[in-house]
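To start, the structure under review is shown below, and the notes come after it.
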Amino acid sequence: MNIVLLGAPGSGKGTLASRLEERLHIPHIATGDIFRFNLKNNTELGKLAKSYIDKGELVPDDVTCNMVRDRFGKQDAKEGFILDGFPRTIPQATELDKMLKEMGRKIDYVFLVQADDERIVKRMGGRRVCKNCGEVYHVETLKPKVDGICDKCGSELVQRDDDNENVVKDRLKVYHEQTAPLIDYYKNQNLVHEVDGFATVEEVTNSALNIINR
Ligand code: AP5
């Protein structure tokens with residue numbers, strides 16, 4: 001099964017993707033996480049991505065698409081995937097269609113995680129991520145068992161550099177200009193299902209699973 005998650009920064013795509021990964025046993029592929037992994041390991045790709053991420057801009061399409069193509073080549077992606085943060089532009093979506101066609105596959109579901117900008121800006125100030133495994137928490141709505149410590153691996157929780165209010169506003173602007181047109185792109189293919197990014201994690205996960213199990 002091949003799933004695409006669409007939605008603004010902070011709408012809850014990553015949170016939903018990690019729950020769906022546990023339930024559906026297909027990998028959560030997040031382009032933002034792959035860029036941050038490269039950044040942490042100081043690779044050339046990481047250095048290049050940082051110059052865009054810090055400003056809230058998109059990494060160029062060719063760089064991003066090549067990275068995704070590589071990721072699709074890994075064994076765990078052969079049975080399906082949950083794409084989070086890709087595609088983010090029309091050229092990325094058409095390139096994804098090309099890659100899938102080459103593999104004899106297609107997109108089964110596009111979940112649009114709905115959230116309004118005002119609540120997103122408030123929410124992002126409270127996001128914390130695990131420095132080691134990337135698990136995502138929130139200081140009010142999704143607290144770890146022990147303050148500041150990841151439930152999964154015991155490492156420290158930190159704030160992402162691009163979660164400061166000004167960069168979040170820039171990222172939202174980029175989303176509306178460059179990514180939101182994908183909603184119609186996929187609606188025209190009858191693939192889009194809307195879920196509420198501000199429902200509880202359990203509710204949003206169950207709405208997606210109910211759509212899949214219909
Ligand atoms: P990326 O890492 O993809 O960031 P994003 O799309 O901006 O999305 P976020 O990770 O910020 O939010 P999310 O929707 O996953 O929300 P989350 O689940 O964490 O991209 C970062 C950068 O990389 C981009 O700006 C760009 O530069 C570059 N990049 C990445 N992909 C690219 C591409 N394809 N092309 C070009 N450039 C690319 O939730 C947010 C918070 O809310 C968390 O604290 C969470 O705990 C909480 N929360 C979420 N859901 C719930 C819920 N239901 N109930 C309670 N709390 C919740």
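The values are calculated or read from the model by the stated rules, or taken from the named source; none is laboratory data. All values derive from a computational prediction rather than experimental measurement. Quick reminder, even Gly has a Cβ in these numbers, built from the backbone with ideal geometry, and neighbours come from all protein chains shown. In case anyone asks, the SASA skips ligands and DNA or RNA and just uses the protein heavy atoms, side chains included. Shrake-Rupley method; radii C 1.70, N 1.55, O 1.52, S 1.80 Å.
Annotations
- Packing-based order for 64-71, 41-48, using average beta carbon neighbours within 10 Å, highest first: 64-71, 41-48
- Kirkwood's formula applied to the C-alpha pairs of segment 135-204 gives a hydrodynamic radius of 15.2 angstrom.
- Helix-only CD estimate at 222 nm, as mean residue ellipticity for the chain, using -39500 (n - 2.57) per DSSP H run (n ≥ 4): -13500 deg cm²/dmol
- Taking the protein heavy atoms of segment 2-207 in the context of the full set of protein chains, the accessible area attributed to carbon and sulfur is 48 percent at 1.4 Å.
- Semi-axes of the equivalent ellipsoid for segment 2-207, computed as √(5λ) from the eigenvalues of its C-alpha gyration tensor and ordered from largest down, come to 24, 20, 18 Å.
- Sorting the segments 12-20, 184-192, 163-171 by their residues' average number of neighbouring beta-carbon atoms within 10 angstrom, most packed first, yields 12-20, 163-171, 184-192.
- Accessible surface area normalised per residue over the chain is 53 Å², counting heavy atoms of protein chains with a 1.4 Å rolling probe.
- Over segment 174-214, equivalent-ellipsoid semi-axes from the Cα gyration tensor in Å: 23, 15, 5
- Mean separation of Cα contacts under 8 Å, 6 or more apart, over the residue count of segment 2-207: relative contact order %: 31
- Alpha-carbon centroids, segment 23-57 and segment 76-135: separation in whole Å: 12
- Sequence-distant aspartates and glutamates (8 or more away, or on other chains) whose Cα lies within less than 17 Å of K47: D33, E57, D61, D62, D161, D162
- Charge dipole magnitude, Cβ of K and R +1, D and E -1 - segment 1-160, Cα centre, debye nearest 20: 240
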